[in-house]
1. Scanning segment 41-75 for residues that are among the aliphatic types (A, V, I, L, M), surrounded by 19 or more Cβ atoms within 10 Å (Cβ to Cβ) and more than 11 Å from the ligand (Cβ to nearest atom), which turns out farthest from Pro22 (Cα to Cα)?
2. Can you name the number of the only condition in (1) closer than 24 Å to Leu84 by Cβ; (2) in the same structural domain as Glu115 (by TED's automatic domain parsing); (3) in contact with a helix residue (DSSP H, G or I) (Cβ under 8 Å, 6 or more places away or on another chain) that Ala307 fails?
3. Within the group Pro92, Pro96, which residue is more than 16 Å from the ligand (Cβ to nearest atom) and either touching a Lys or Arg at 6+ places or on another chain (Cβ under 8 Å) or without any contact (Cβ under 8 Å) to a residue 40 or more places away in the chain (or both)?
4. Go over the candidates Ala230, Ala349, Ala317, Ala311 one by one and state the one that is surrounded by 21 or more Cβ atoms within 10 Å (Cβ to Cβ), among the small types (Gly, Ala, Ser) and more than 16 Å from the chain's Cα centre (by Cα).
5. Which condition breaks for His171 when tested against (1) assigned to a helix (DSSP H, G or I); (2) away from the ligand (no atom under 15 Å from the Cβ); (3) more than 30 Å from His216 (Cα to Cα); (4) not polar (S, T, N, Q)?
6. Which one of these is within 13 Å of the ligand (Cβ to nearest atom), surrounded by fewer than 23 Cβ atoms within 10 Å (Cβ to Cβ) and not assigned by TED's automatic domain parsing to the domain that holds Ala189: Glu120, Glu127?
7. Name the single residue that is nearest to the ligand (Cβ to nearest atom) among those in segment 283-314 being touching a Gly at 6+ places or on another chain (Cβ under 8 Å) and not in a loop (DSSP other than H, G, I, E, B).
8. Can you find a residue that is within 16 Å of the ligand (Cβ to nearest atom), within 17 Å of Ile238 (Cβ to Cβ), in contact (Cβ under 8 Å) with a residue 24 or more places away in the chain and not acidic (Asp, Glu) anywhere in segment 266-275?
Amino acid sequence: MKALTVIPLKAGSAELSDVDDPPESDGPVLVETLAVGICGTDIEILSGAYGWAPPGRERLVLGHESLGRVLEAPAGAPVEKGDLVVGIVRRPDPVPCENCAVLEWDFCRNGQYTERGIKEHDGYLSERYRITPEYVVKVDPTLGILGVLLEPTSVVAKAWEEVDRVGGRAHWDPKTVLVTGAGPIGLLAALIGVQRGLDVHVIDQMAAGVKPDLVHDLGATYHTGTIADAFPNPDVIIECTGVSTLVLDAMTHVGTGGVVCLTGVSSGGHVVQVDEGALNRSMVLENVAVVGSVNANKRHYEAAAAALAKADRGWLARLVNRRVPLEQWQQALNRQPDDVKVIIEVNPA
Ligand code: BGC
């Protein structure tokens, strides 16, 4: 079967390869891949900056934002033939650490977890894949191809859970949230904020185009410029860019007793000047909490499935703005100015 593969840490090594059928060892549920979303992590892997091949292998099958249709499932599995499904990305470490032991693999303590399409386990960007029933999540069939947004939504569902848990250290009744970055992660974080009844603000550098429209149509407010000028002192900031200056601005300008949740992975190598004393002082005197958030466990996938199921289909459809056939996968990587989420269609639905 065909699969998009890459030699991790080797730029320009991606190719459409002929690979063996999915190994039985991956699980008894056989899934036909419909589409896979491309995100910043994939771009990093393709650029040679990130990623790990499975042990003893040179190439990794890419793809972790999946949508597929079940071809075969054993009796008693929570999914059956024909179901639309998404595969969970991370697997617990083999030790397992105390968090993986209770299936909170998103908080793995020893770093020995694996991630499909990212770290030591083939991804979903192949014509078919196999998976164990516990790691497959059912998608509302009325979402159709939009189910491909479930994995990135799981990442923000986890971020919101962290915000709640950290905020809940004291009386917590947030009213306002600022999301930094109007990419797919930022827009999906904003969607959940709106679904929670919050006054949602999104800041991005694009002054016009599809991003401001998507934010307005969600019932949220769009800003450009700096946090200090646009919307200072929100109860919550969900940082979705990883841009160092914005990360520092978020920590400086969140409201008293507020929570900043960092979800963007920075590339590193950027040195910014900061008045650490002033930052420390305001964080201490205002009880500011800053929390990092990565990945998602099954509870977050389920929360994400529920959030997408109640979202406006027309709005979600505008997020998935470009669909590229597998044979033309290179086109998915040439970012266009109005791209939000580009997907590779493997077996068109
Ligand atoms: C994925 C996460 C993963 C993270 C780090 C993100 O793009 O959505 O599931 O944990 O990359 O590898």
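The values are calculated or read from the model by the stated rules, or taken from the named source; none is laboratory data. None of these values were measured; they are calculated from a predicted model. Heads up, the Cβs are rebuilt from the backbone with ideal geometry, glycines too, and the neighbour counts pull from every protein chain shown.
1. Leu46
2. For Ala307, the exception is condition (2).
3. Only one candidate passes the filter, namely Pro96.
4. Ala311
5. (1)
6. Going through Glu120, Glu127 in turn, just one is within 13 Å of the ligand (Cβ to nearest atom), surrounded by fewer than 23 Cβ atoms within 10 Å (Cβ to Cβ) and not assigned by TED's automatic domain parsing to the domain that holds Ala189: Glu120.
7. Checking each candidate, the answer is Leu308.
8. yes
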